[in-house]
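The values are calculated or read from the model by the stated rules, or taken from the named source; none is laboratory data. Keep in mind it's a predicted model, so treat the numbers as computed, not measured. When we count neighbours, we look across all protein chains shown, and the Cβ atoms used for this are built from the backbone with ideal geometry, even at glycine.
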Amino acid sequence: MTERRDLAAMLHPLVKALIAAEIRALEPHGISMWAYVVLSALDDGPVRTQAALAEAVGADKTRIIGTLDRLQEAGLITREPDPGDRRARLLAITDAGRRRRRAAQADIQEGEELLLATLSPGDRAAFLRVAETLANNVGP
């Protein structure tokens with residue numbers, strides 16, 4: 001068996017650099033990483049309850065309450081009572097939230113392109129394909 005570093009050891013410096021770059025990219029948009037995750041989840045899917053959103057993003061539902069409050073105050077999401085369960089709230093992204101999320105994503109991906117440009121076109125395509133496959137296999 002060929003010796004190789006553990007995946008976590010290989011990925012840690014990359015993930016650390018990507019997170020730092022993402023935080024810098026989000027700052028001009030006035031949103032945190034958690035806010036970006038929430039906006040992305042709401043933009044990618046149907047209206048959700050707070051509990052369903054928390055599960056989809058892999059967070060405790062109490063963890064995202066402050067983020068939801070800030071997003072609602074900024075007019076980026078709406079929270080309405082669920083007619084089927086008066087204890088629950090239905091979340092939806094607003095048009096302003098959708099624009100903010102997409103602008104932030106464009107800036108994030110622009111930064112990622114600098115890193116990806118260090119790879120050959122074949123390696124770039126393979127890396128993105130494998131990263132997508134692994135991300136889909138581990139879930140939220």
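Before moving on, here are some points about what is shown:
- Of all residue pairs spaced 6 or more apart or on separate chains, those with beta-carbon atoms under 9 Å, a first member in the stretch 118-140 that is touching a residue at least 40 places away in the same chain (Cβ under 8 Å) and a second member that is surrounded by 10 or more Cβ atoms within 10 Å (Cβ to Cβ) are GLY139/GLY58; PRO140/ALA41; PRO140/GLU55; PRO140/ALA56; PRO140/VAL57; PRO140/GLY58; PRO140/ALA59.
- Against the conditions (1) modelled with pLDDT of 95 or more; (2) assigned to a helix (DSSP H, G or I), GLU113 satisfies every one except (1).
- Test result for ASP123, assigned to a helix (DSSP H, G or I), farther than 21 Å from ARG24 by Cα and acidic (Asp, Glu): yes
- Checked against (1) more than 23 Å from GLU113 (Cβ to Cβ); (2) free of Cβ contacts under 8 Å to residues at least 60 places away in the same chain, VAL37 passes all but condition (1).
- Residues within the stretch 31-58 that are farther than 20 Å from ALA21 by Cα and among the polar types (S, T, N, Q), tallied: 2
- Total residues in the stretch 22-51 satisfying the condition of being of a type in the set (A, V, I, L, M, F, W, C), assigned to a helix (DSSP H, G or I) and surrounded by fewer than 17 Cβ atoms within 10 Å (Cβ to Cβ): the figure is 3.
- Residue satisfying condition, being at pLDDT 95 or above and either surrounded by 13 or more Cβ atoms within 10 Å (Cβ to Cβ) or assigned to a loop (DSSP other than H, G, I, E, B) (or both), within set ARG63, ARG79, ARG89, ARG98: ARG98
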